[in-house]
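What follows is one structure encoded as structure tokens, with my remarks underneath.
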Amino acid sequence: MDRIRIRGGNKLNGTIPISGAKNAALPLMIASLLTDEMLRLKNMPQLADVLLLQRILRNHGTDTSVFGKRAGENNENGETVGLMAADIVDTVAPYNLVSKMRASFWVLGPLLARCGEAKVSLPGGCAIGTRPVDLFLMSMEILGAEIDVDAGYVVAKAKNGLHGGRIVFPKVSVGATHCAMMAATLAKGETVIENAAREPEVGDLASCLVKMGAQIEGIGTSSLHIQGKDRLHGAEHTVLADRIETGTYALAVAMTGGDVTLTGTSTQLLDAFIAKLIEAGVNVEAVDNGIQVSRNGTNLMPLSIETQPYPGFPTDLQAQIMALMTMANGTSTIRETIFENRFMHVQELARLGADISLQGDTALVHGVKKLHGAEVMATDLRASVSLVIAGLVARGETILHRVYHLDRGFESLEAKLSACGADIERISD
Ligand code: UD1
């Protein structure tokens, strides 16, 4: 199993290109199930999750091609992916595939809308909490589906197709919003989704659906109005920049010091996060086609942070900012309100010398003067990269195990960091 070795202490200087967002790419790929024509997605990140979802979609009958070549004829590492679900050959999403990636559960909406039936295994994904699916089931029932949960599968049927309805989510859910929005584009009549997630990736999916012929109003707000259509058609769409990757590299520079320009991204995706970075004493500036981040020896100020749905501070940057705060000049409080079990990085950061205590949903991070290298284990996607950030300043050598978590969401991480001066390498057995 691959490991990553980091020798800490180097400042980061240079340029890091930001990839397309994993969390936009996945629902965009799933949207291909809504039409029998080709959906071409550009700026696709090269990630394990993207490859796995291609496999899952192929199982339903989607033809996938990369740079115009059919998958299998060439390496699947192009940045343009074509997806064509001319015929849906199977409406079952089996356990062995869905259990590896929670987002694949979202095929429920498009399959139901297009085929009138779907049988989808209850999901897996990062172990960061119980992550129920009640909001998905509620919204599909409002759109006219009959739902049974049987032997670990959600069995959904809508013999006469889905119809519009008024969905009021009691809680903000990115995935349930994606799923309901996709289903509603092919439902008969109008669907209103209230308390919809406003994450930029939801807006990106909505824009792509509009290119495919969907009628959606309220994009970017918590109230979406969708007029169902008889059919959608093919389209071409460029995947939004990855705001979590952007924030992660900004934090890496904040941690090591130095001066790095992150290209192909925008400060506008990360207002709440950037405000906190500036409060901590980091210089952040919008530049042409990107963001410049620098820090020059000044003390890091402690922060008080609470994760919230967009436009609040993203839970997907909580672990990484905690890594930064381990070196702040004082005590920070970090409250996690989205997922109840998203502190597994705490004990691993402690192995590197961090001083963190947990009180329920809040971590108290007491800044220390230095971290030291150690062997640590990645527990989930975002937690694993927080250990990389800490390793970049830890004295001596840090070895990160279970790197496959990282490969799910960060494209060419070692290459991007080492190009800016980090001493980081992958060790494959
Ligand atoms: C997505 C992101 C993930 C991010 C999360 C929150 C992708 C591929 N993943 O995950 O990186 O951390 O948004 O920004 O885009 N919930 C329910 N019932 C449901 C569905 C969700 O109670 O039916 C709860 C969850 O347990 C969680 C909260 O709602 O406490 C938010 O989860 P949700 O927004 O659905 O996260 P994901 O879409 O899984």
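The values are calculated or read from the model by the stated rules, or taken from the named source; none is laboratory data. Computed from a prediction, not measured in an experiment: that's the story for all the values here. Cβ: placed from backbone, ideal geometry, glycine included. Neighbour counts: every protein chain shown. Heads up: the accessible areas ignore ligands, DNA and RNA and are worked out on the full protein's heavy atoms, side chains in. Shrake-Rupley method; radii C 1.70, N 1.55, O 1.52, S 1.80 Å.
Solvent-accessible surface of the chain, averaged per residue with a 1.4 angstrom probe and all protein chains in place: 38 square angstrom.
Extension gain for Asn289 to Ser304 (0.36 nm times residue separation, less C-alpha to C-alpha distance): 2.4 nm.
Computed FRET efficiency, Cβ-Cβ of Ala272 and Gln227, R0 35 Å: what is it to the nearest 0.05? About 0.60, to the nearest 0.05. Note: relative contact order over the range 22-238, using C-alpha pairs below 8 Å and six or more positions apart, is 20 percent. When the alpha-carbon atoms of the range 243-326 are used, the pair Rg, Dmax equals 11.6, 33 angstrom.
Pairs from the table (Lys171/Lys211; Lys119/Lys276; Lys42/Lys369) lying more than 32 angstrom apart at Cα are Lys119/Lys276; Lys42/Lys369. Between Ile399 and Thr331, residue separation times 0.36 nm minus the direct Cα-Cα distance comes to 21.8 nm. Within the accessible surface of the chain, defined with a 1.4 Å probe on protein heavy atoms only, the carbon and sulfur portion equals 47 percent.
Summarising the strand pairing of the range 22-238, around 75 percent of its internal DSSP beta bridges are antiparallel. Evaluated on the range 340-429, the Kirkwood hydrodynamic radius is 13.7 Å, with distances taken between all distinct Cα atoms. Shape summary: the chain maps onto an equivalent ellipsoid whose semi-axes, from the alpha-carbon gyration tensor, are 38, 22, 20 Å in decreasing order. This model, with +1 at the C-beta of Lys and Arg and -1 at the C-beta of Asp and Glu, gives the chain a dipole about its Cα centre of some 380 debye.
In degrees between 0 and 90, to the nearest 10, how far off the longest principal axis of the chain does helix 174-185 point, with axes built from Cα atoms? Roughly 30 degrees between the two axes.
Here the dipole of the range 22-238 is about 160 debye; that uses its Cα centre as origin and unit charges on the Cβ of Lys and Arg (positive) and Asp and Glu (negative). Across the range 22-238 the C-alpha pair distances fall into 5 Å bins from zero in the proportions 1, 8, 17, 21, 22, 17, 9, 3, 1, 0 percent. Which whole-angstrom value gives the distance between the alpha carbon centres of the range 298-347 and the range 44-62? If you average the Cα positions of each part, the centres end up 31 Å apart.
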